[in-house]
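The values are calculated or read from the model by the stated rules, or taken from the named source; none is laboratory data. No experiment lies behind these values; they were computed from the predicted model shown. Backbone-built Cβ (ideal geometry, glycine too); neighbour counts: all protein chains shown. Areas reflect the complete protein model, heavy atoms only, side chains present, ligands, DNA and RNA absent. Shrake-Rupley method; radii C 1.70, N 1.55, O 1.52, S 1.80 Å.
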Amino acid sequence: MKMVVKKINEDSIDFAVIEQAGHILQAGGLVAFPTETVYGLGADALQPEASKKIYAVKGRPSDNPLIVHICCMEDMKKIVLQLPREAELLAHAFWPGPLTMILEKNDNVPYETTGGMDTVAIRMPSNKIALALIRAGGGYIAAPSANTSGRPSPTLAEHVYEDMKDKIPMLLDGGAVGIGIESTIVDLTESVPMILRPGFISMKMIADVIGTVRMDPGIIDAGSALKPKAPGMKYRHYAPKANLILVEGAPEHVAAKINKLAAAHIKAGKKVGVIGTEETIGYYGQGAVLCIGGRQEEETIVHNLYKILREFDRLGVDIIYSECFFTLQSGEAVMNRLLKAAGHQVISAGNSGGDSF
Ligand code: TXA
Ligand code: MG
């Protein structure tokens, strides 16, 4: 299948293109499109055969449910059994935006879309191209991140092209996404609302709106026997091809440790990648060193994370060492993705204590 790539500008949307893409969706086809978090791979969520195509194209396990994207608040009511008060409060506070809510589904949503579950994930994105496309496609667009299953999520149209070329009929190229990691997922079917996937909207921001909320214990502790409740969080995910190892400790100790390890690998004939920050980049002298952003501007770290992991794939490195990023708002989300990408391999820089960063 030849993929048509259409450039589209969020500030002056070409509605002829949106209409064309909407027709593909309504006919049961797939369209990749930008959202403010990452690029999505869309299909009509109410057509079982359309949702099934997403699984086939991504190579996604069939038990991993899809998020249904909507373009106006009222549409949420039409696909759920009941609308809890918390859902209305959170929608008012964060929609359109990077928050996904899990609610009990009604019969309008096929099990092919929810991976066999009785609940449905719903999100109203803020990207205007996404909103226009959802409307043109009929109002309910199932969309996982537009990567091949297991690869880092796409934050540029080029990333989607790499993974989806020849597999889908259309890609809307809206340039670089704004945020760079997937939405926060909060499950409102639990007696105490539970975060199943941390994201740009932090646990504290959610708690400020609805009171008590907890983190899914299954995603906190790698060693625990608990399974994450979001099926997608149990797979090794967001992963570069190379082996990724995180190093924690005080900045100068981390850099010294990474330099030492990198030198040994290079001597043994391996290609090494290093993820540093604006504050530390000058410390590194070994291997392919990429700067993920500045610790003082955490949104830059969020924005560049997946891009950097894909860049190391392109460079063909064998092993990647990264610092850890416990930043204020999005630290839990960034570390969650990095830990998963690293298969939870974390080593200590042997720091004598004090300021971990
Ligand atoms: O930012 C985002 O959320 C992006 C953009 C495209 O909107 N989408 C995205 O979708 O990240 P995906 O499919 O890559 O991740 C969806 C996650 C998976 O971990 C899945 O298991 C979980 O949401 N999920 C979906 N429906 C669920 C449900 N009913 N119960 C529990 N987890 C669910
Ligand atoms: Mg994904």
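Between Asn127, Asn147, the distinction of being in contact (Cβ under 8 Å) with a residue 24 or more places away in the chain, away from ligand 2 (no atom under 16 Å from the Cβ) and under 11 Å from Tyr39 (Cα atoms) belongs to Asn127 only. For the stretch 201-226, a tally of residues being of a type outside the set (Lys, Arg) and not in a loop (DSSP other than H, G, I, E, B) returns 12. When each of Asp166, Asp75, Asp107, Asp118 is tested for being more than 19 Å from the chain's Cα centre (by Cα) and without any contact (Cβ under 8 Å) to a residue 12 or more places away in the chain, the lone residue that passes is Asp107. For residues that are part of a strand (DSSP E or B) and within 16 Å of ligand 2 (Cβ to nearest atom), scanning just the stretch 189-200, find the one that is surrounded by the most Cβ atoms within 10 Å (Cβ to Cβ). So the residue we want is Arg197. Hey, among the residues in the stretch 44-72 that are away from ligand 1 (no atom under 13 Å from the Cβ) and among the charged types (D, E, K, R), which one's farthest from the chain's Cα centre (by Cα)? For the stretch 44-72, the residue satisfying everything is Glu49. Those helices (runs of 4 or more DSSP H) of the stretch 250-357 in which 3 or more residues are open to solvent by 40 Å² or more (accessible area, probe 1.4 Å) occupy 251-267, 298-315. Do we find that Asp63 is open to solvent by 20 Å² or more (accessible area, probe 1.4 Å) and either closer than 15 Å to Lys128 by Cβ or β-branched (Val, Ile, Thr) (or both) in this structure? For Asp63, the condition - open to solvent by 20 Å² or more (accessible area, probe 1.4 Å) and either closer than 15 Å to Lys128 by Cβ or β-branched (Val, Ile, Thr) (or both) - is not met.
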